[in-house]
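The values are calculated or read from the model by the stated rules, or taken from the named source; none is laboratory data. It should be emphasised that the depicted structure is a prediction, and the values quoted were computed from it without experimental measurement. Using ideal geometry, Cβ is built from the backbone for each residue, glycine included, and neighbour counts are taken over all protein chains shown. Please note that ligands, DNA and RNA were not included when accessible areas were found on the heavy atoms of the full protein model with its side chains. Shrake-Rupley method; radii C 1.70, N 1.55, O 1.52, S 1.80 Å.
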Amino acid sequence: MNSRNTDAIQAIKARIGIADLARRYVEVRPVGSRLVAPCPFHQETKPSFSINEEQGTFYCFGCQASGDIFDFYGRINGLDFRETLEQLAEEAGVQLNSYRPDPETARHRSQKRDMLKMHEVAAAHFIRNMRDSRGKLCRDYIAERGLSPDIQEKFGLGWSLDEWQDLERVLHRVGFSGEGAVSCGLLSRASSGRPYDRFRKRLMFPIRNLSGQVVAFGGRILPALAEENDAKYINSSDSPIYKKGEHLYGLFQARPSITTAKNVMLTEGYMDVLTLHQFGYTQAVGVLGTALTPEQVKRLSGFSSNIELLFDGDAAGRKAALRSCEMLLLRGLSCRVVLFPDPHDIDSLLRTEGPEAFESLRRDASDGMSFCLNVLRTMSPRDAVDWARNFLAQVELPELFKHFASNLAAGLGLTEAELRSAVLERKNQRHAAAAMAPAAPKVRDVSRDREIMTFAVRYPHRLPDLRDYGADLALAAPWARKLWAKLERYCRDECPEAVFSELEPKEKLFWVRCRDADAGAPALTGESVELDAIQQMLDTLQTTSHTASVVAALRQGQADRETQREYMRALKEARGRRGD
């Protein structure tokens, strides 16, 4: 398991405890033999977040978040596993070994490194363009918009010349092909096949990931150079290093302030984010695209459960705010909505009316559910009720459902029973649709898989015994076979807990639930007793399968008389083992 730095992972866990890490972000207190806290990943008042210091894991009874210190740190800081590992290793003073991925993985990583380097070269080039004589027009525009030099430097603003091959020549000089630059969205390809600069005559906004690397760009056309068919903004397309729906503009720059302020300001445009930061609202980030996505909501929830939505007060802004509120509330996050009165947007209000006017709007802002109800009251009664029922049908957590149903019923002048009955009907329809899907595994197969894998997770050192009994052959569900393969691969010669970092989120949840009594683990009856029960179950399964095979062969009736007598003897023997 060298590619995942197994020794380093165990050393980090030995030096940084899950409870000590959690205390940095939430107030932890003992209850009996365990530690609890309000969950940092969803809005709640009850301490449903449970920490198992002995196992080194956490589990939330509300949102089912679970994992170890790497999952906790990565989720709360919006980092992937490698970023989390590197940061915790540095903190713990642990030396990491080099990753040794398979050749295909190595090729993809090499491709991504090249793409990141090309974006780094492009960002530096756009900044140089801004500073030399060719950038005067762009500098004048920035001055007109009132952006300070500090903000320009903080966000790395640049200028893309009104030329077709300017960036292509720069990339070529440092050894990058036009093909590679096209694949990551820096260049486009003409009908003749020749690459050309995708961004021209535009103010450039670098988009950074949480490690600070430039992964994409947004470009705003300068008004003085705009032609009739020019789009006001163009953005990088998706690439191996950038997925628009997963990133937020300015999150890298805003992260320290979000941690301090305990809230996020979410707005729509690049310039709005820059203006907010310039006026001291350095926890501001922007949506990259036309609408907030579930992936962006998930990323935000790792930083704060309090989101402040800043939208224009026109019909389009209200519609976007309603959809955003819906997504945030469904995830259990708290949100407030600030709408800017016509003719203002964020930039014009702060620059003409000042921070005092903005603070007044913030004080009067509606909470998310109140805002939704205000919008629903402007709809036809039928559309409003339909929205409420659709919304409730998506709520999974019982405590949230009760709260939302009560508020929506009161706000719309309905009884909770009316809303609940319709929601139940819609959920039943979904269940009926699911029933039309391919048949699910039989209940007994699901139960058998869970029993085998529960034992395997609890006692990984008994995998050889389970294999001798044929447990691996008895697994029916893909998830069980996949988890078994991981256990076999990583638990043979190593500390069993080392496999944890290799598991997917659902596998980690299963692991925690199997090993932690507070997370609902089945009762322990003792290793030997549990293994004996599994052996008996597998013996019965093998006997039953053997009997079924013999009966099927006899029914075919194609064997000769002697073969049929052998089948009969085998059937009698099998039934004797079953006690028939």
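Quick notes on this structure:
- Residue count for the range 81-106, restricted to those that are more than 13 Å from ILE12 (Cβ to Cβ), at pLDDT 75 or above and open to solvent by 50 Å² or more (accessible area, probe 1.4 Å): 1.
- Candidate set from the range 234-260 (those that are of a type in the set (Ser, Thr, Tyr) and either in a loop (DSSP other than H, G, I, E, B) or touching a residue at least 24 places away in the same chain (Cβ under 8 Å) (or both)); member that is surrounded by the most Cβ atoms within 10 Å (Cβ to Cβ): TYR249
- Members of the range 1-42 found to be closer than 26 Å to ARG255 by Cβ, open to solvent by 80 Å² or more (accessible area, probe 1.4 Å) and modelled with pLDDT of 85 or more, listed by number: ARG15, ASP20, ARG23
- Residue list for the range 327-356, restricted to those being open to solvent by less than 20 Å² (accessible area, probe 1.4 Å), within 24 Å of the chain's Cα centre (by Cα) and not aliphatic (A, V, I, L, M): GLY332, CYS335
- Residues satisfying the stated conditions in the range 370-390, i.e. within 21 Å of ILE307 (Cβ to Cβ) and either touching a Phe, Trp or Tyr at 6+ places or on another chain (Cβ under 7 Å) or surrounded by fewer than 19 Cβ atoms within 10 Å (Cβ to Cβ) (or both): SER370, LEU373, ASN374, VAL375, LEU376, TRP387
- From LEU329, LEU349, LEU400, LEU414, residue being farther than 17 Å from LEU310 by Cα and either touching a residue at least 60 places away in the same chain (Cβ under 8 Å) or part of a helix (DSSP H, G or I) (or both): LEU400
- Of the residues making up the range 267-280, those that are at negative phi and either of a type outside the set (A, V, I, L, M, F, W, C) or surrounded by fewer than 24 Cβ atoms within 10 Å (Cβ to Cβ) (or both) are THR267, GLU268, GLY269, TYR270, MET271, ASP272, THR275, HIS277, GLN278, PHE279.
- If you filter the range 470-481 down to residues that are in contact (Cβ under 8 Å) with a residue 12 or more places away in the chain and in a helix (DSSP H, G or I), you find that the one that is surrounded by the most Cβ atoms within 10 Å (Cβ to Cβ) is ALA471.
- Pick from the range 183-195, criterion under 32 Å from the mean Cα position of the chain (by Cα) and at negative phi, ranking: most open to solvent (accessible area, probe 1.4 Å): SER183
- Reported count of residues in the range 196-224, each being aliphatic (A, V, I, L, M), open to solvent by less than 50 Å² (accessible area, probe 1.4 Å) and out of contact with any Pro (no Cβ under 9 Å at 6 or more places or on another chain), is 6.
- Verdict on ASP230 being over 27 Å from the mean Cα position of the chain (by Cα) and among the acidic types (Asp, Glu): yes
- The listed residue being more than 29 Å from GLU246 (Cβ to Cβ), open to solvent by less than 80 Å² (accessible area, probe 1.4 Å) and out of contact with any Ser or Thr (no Cβ under 7 Å at 6 or more places or on another chain), out of GLY156, GLY146: GLY146
- Count - residues of the range 306-324 that are open to solvent by 30 Å² or more (accessible area, probe 1.4 Å) and under 19 Å from ASN77 (Cα atoms): 1
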